[in-house]
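Written below as structure tokens is the structure these notes are about.
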Amino acid sequence: MALIVQKYGGTSVGSIERIKAVAERVIESHREGHQMVVVLSAMAGQTDGLIALARELTEDPDPRELDVLMSTGEQVSIALFAMAVKSMGYDARSLLGFQVGIHTDRLYGKARIHEVETRRILEELGKQRIVAVAGFQGLDDHGDITTLGRGGSDTTAVALAAALNADVCEIYTDVDGVYTTDPGVCQKARKMRTISYDEMLEMASLGAKVLEIRSVEFAKKFNVPIHVRSTFTKENGTMVVAETKDMERVAVSGVAYNKNEARVTVKKVPDRPGIACQIFEPVFEAGINVDMIVQNTSEDGITDLTFTVTKADFYKTMKLVSETAKKIGAEKVLGDEDIAKVSIIGVGMRTHAGVAKKMFEVLAGENINIMMISTSEIKISVVIEEKYTELAVRVLHEAFHLDEEPHEDQ
Ligand code: ADP
Ligand code: ASP
Ligand code: MG
């Protein structure tokens, strides 16, 4: 008998028919004698719909209330799922984040999980029930509802798997595994049998939304094996595991893109000590994550500063930075939402040279202008015009031969 945590994403529970199919699948494992904890997302499109409702009211919805609103999507799914299981003659209990005891900090919209209680879940499992937990939500130390950031149900699942010491955490989704790039964009994308936690971390942080980044962080920290697989087939998917020596044999193992960032440029900033601190302090204090930062060489004591934030934080960032720009005497603040970040990832980059050169050549060959560049040990990212995203992904995938099996055992 195993304790299995399964997570089903929005498409997997997108209709009553699909919820019934998920219930059947879970019941099958339950009948085999496994203890089943099932984390569900909101039905496809629900979270977006709730956000759109809030935005009809205001551009800048109150973060606490937005979390109260957004968290309702998952409540609908778990209730319907539990009803479906019961209508099939088995027992199930739906539990919201606060009923489980998923404790988070107070950063509405991107709260981090501090602690997960297991008492209630174990009690329900002890009664032979299937337990359905609402993904994406928790509660802060005031007892208020928080949400974990888009795609956060993955994190709920892995955090529960870690806390419950589950045998495996299965992430069921609308693709049958982790691919070398988004199969929705590149037909030649190849399914990987395994991927290392570190590569998956980079892929996730650079936009491959198949797994939410914090779920991978949790998995790596607590050594939770993740199996990413399809809701619609029985085939094995991709195992996310610790790195093996073999994985370094290829320089590049994946391409990711992210259209969810926006660029902010502060023009003609006086170039003196303390300026970067003045510009970024209010942004960081507001809990906004800044991604790439580029500062031009200064000319006559004046420089331009450009950085990226998520589109969700764009409006707030523009407001904060515009206030600071006035104070420090910068000329103006420009915003650009029509950008995308395209990245190549591979643990093998540590030992292979010339990868950046090849990436830039390939993009130049398609006349794609690079606006910003950032690198780490195992990735290179560029910011380009959004309209070239798919093209860039495809040509890079091709140039690095990602459609070909890199070695026998992958
Ligand atoms: P869910 O609703 O199940 O959480 P998501 O939409 O969040 O599903 O994630 C699955 C999607 O991630 C796929 O449909 C696919 O388009 C996208 N995706 C992006 N990059 C990759 C990748 N490298 N491998 C697999 N899927 C990817
Ligand atoms: N429903 C949330 C979202 O759409 C969480 C999730 O699906 O993981 O982002
Ligand atoms: Mg997801």
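The values are calculated or read from the model by the stated rules, or taken from the named source; none is laboratory data. Every value quoted in this text rests on a predicted model; they were computed, and no experiment measured them. When we count neighbours, we look across all protein chains shown, and the Cβ atoms used for this are built from the backbone with ideal geometry, even at glycine. With ligands, DNA and RNA removed, areas are computed over all heavy atoms of the protein, side chains included. Shrake-Rupley method; radii C 1.70, N 1.55, O 1.52, S 1.80 Å.
Cβ-Cβ contacts under 7 Å between residues 6 or more apart (or on different chains), taken from a first residue in segment 161-185 that is of a type in the set (D, E, K, R) and more than 7 Å from ligand 1 (Cβ to nearest atom) to a second residue that is open to solvent by 40 Å² or more (accessible area, probe 1.4 Å) and part of a loop (DSSP other than H, G, I, E, B), are listed as D176/T233; D176/E235. Residues in segment 380-399 that are outside any helix (DSSP H, G or I) and either within 20 Å of D338 (Cβ to Cβ) or open to solvent by 30 Å² or more (accessible area, probe 1.4 Å) (or both): S381, V382, V383, I384, E385. Being small (G, A, S) and either touching a Cys at 6+ places or on another chain (Cβ under 7 Å) or part of a loop (DSSP other than H, G, I, E, B) (or both), is that true of even one residue in segment 32-41? Within segment 32-41 (the criterion being small (G, A, S) and either touching a Cys at 6+ places or on another chain (Cβ under 7 Å) or part of a loop (DSSP other than H, G, I, E, B) (or both)), the answer is yes, since at least one residue qualifies.
In the set (1) touching a strand residue (DSSP E or B) at 6+ places or on another chain (Cβ under 6 Å); (2) assigned to a helix (DSSP H, G or I); (3) surrounded by fewer than 17 Cβ atoms within 10 Å (Cβ to Cβ), I78 fails one condition alone, (3).
Selection within segment 35-65: residues that are within 16 Å of ligand 3 (Cβ to nearest atom) and open to solvent by 80 Å² or more (accessible area, probe 1.4 Å). The member of this set that is nearest to the chain's Cα centre (by Cα) is D48. Selection of segment 185-212 for residues being at pLDDT 95 or above, within 13 Å of ligand 3 (Cβ to nearest atom) and either open to solvent by 40 Å² or more (accessible area, probe 1.4 Å) or out of contact with any strand residue (DSSP E or B) (no Cβ under 9 Å at 6 or more places or on another chain) (or both) yields only E212. Counting only residues that are open to solvent by 80 Å² or more (accessible area, probe 1.4 Å) and out of contact with any strand residue (DSSP E or B) (no Cβ under 7 Å at 6 or more places or on another chain), segment 348-378 holds 8 of them. Number of residues in segment 161-184 that are within 16 Å of ligand 3 (Cβ to nearest atom) and open to solvent by 10 Å² or more (accessible area, probe 1.4 Å): the value is 9. If you go through segment 293-308 and keep only what is touching a strand residue (DSSP E or B) at 6+ places or on another chain (Cβ under 6 Å) and either open to solvent by less than 40 Å² (accessible area, probe 1.4 Å) or of a type outside the set (S, T, N, Q) (or both), you end up with I293, V294, I302, T303, D304, L305, T306, F307, T308.
Pairs linking a residue in segment 135-146 that is at positive phi to a residue that is among the hydroxyl-bearing types (S, T, Y), with Cβ atoms under 7 Å and 6 or more positions apart or on different chains, are F136/S41; F136/S71; F136/T147; F136/S153; F136/T156.
Step by step: first the residues of segment 131-141, then only those that are within 16 Å of ligand 3 (Cβ to nearest atom) and assigned to a strand (DSSP E or B), then the one that is nearest to the chain's Cα centre (by Cα). Which residue is that?
Residues of segment 131-141 within 16 Å of ligand 3 (Cβ to nearest atom): 133-137.
Right, trim to assigned to a strand (DSSP E or B) and you get 133-134, 137.
Working: V133: 19, A134: 17, Q137: 15 Å.
Among residues in segment 131-141 that are within 16 Å of ligand 3 (Cβ to nearest atom) and assigned to a strand (DSSP E or B), the one nearest to the chain's Cα centre (by Cα) is Q137.
Given T308, T317, T297, which one is more than 22 Å from Y197 (Cα to Cα) and either in a helix (DSSP H, G or I) or touching a Leu at 6+ places or on another chain (Cβ under 6 Å) (or both)?
Working: T308 fails: either in a helix (DSSP H, G or I) or touching a Leu at 6+ places or on another chain (Cβ under 6 Å) (or both); T297 fails: either in a helix (DSSP H, G or I) or touching a Leu at 6+ places or on another chain (Cβ under 6 Å) (or both).
Going through T308, T317, T297 in turn, the sole match is T317.
Matching residues to (1) within 20 Å of the chain's Cα centre (by Cα); (2) more than 21 Å from E217 (Cβ to Cβ); (3) more than 16 Å from ligand 2 (Cβ to nearest atom):
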| residue | (1), (2), (3) |
| --- | --- |
| Q99 | no, yes, yes |
| L107 | yes, no, no |
| T118 | no, no, yes |
| E123 | no, yes, yes |
| Q128 | no, yes, yes |
| G143 | no, yes, yes |
| D154 | yes, no, no |
| V158 | yes, no, no |
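Kindly indicate whether any position in segment 82-103 is in contact with a His (Cβ under 9 Å, 6 or more places away or on another chain) and open to solvent by 50 Å² or more (accessible area, probe 1.4 Å). Yes, segment 82-103 contains a residue that is in contact with a His (Cβ under 9 Å, 6 or more places away or on another chain) and open to solvent by 50 Å² or more (accessible area, probe 1.4 Å). Of everything in segment 330-347 that is in a loop (DSSP other than H, G, I, E, B) and among the charged types (D, E, K, R), the residue that is least open to solvent (accessible area, probe 1.4 Å) is E337. Among the residues of segment 249-292, the ones that are among the charged types (D, E, K, R), within 16 Å of ligand 3 (Cβ to nearest atom) and surrounded by 18 or more Cβ atoms within 10 Å (Cβ to Cβ) come to 0 in all. Go through segment 145-160 and give me each residue that's surrounded by 24 or more Cβ atoms within 10 Å (Cβ to Cβ) and either closer than 17 Å to M43 by Cβ or within 11 Å of ligand 3 (Cβ to nearest atom) (or both). T147, G152, S153, D154, T155, T156, A157, listed by residue number.
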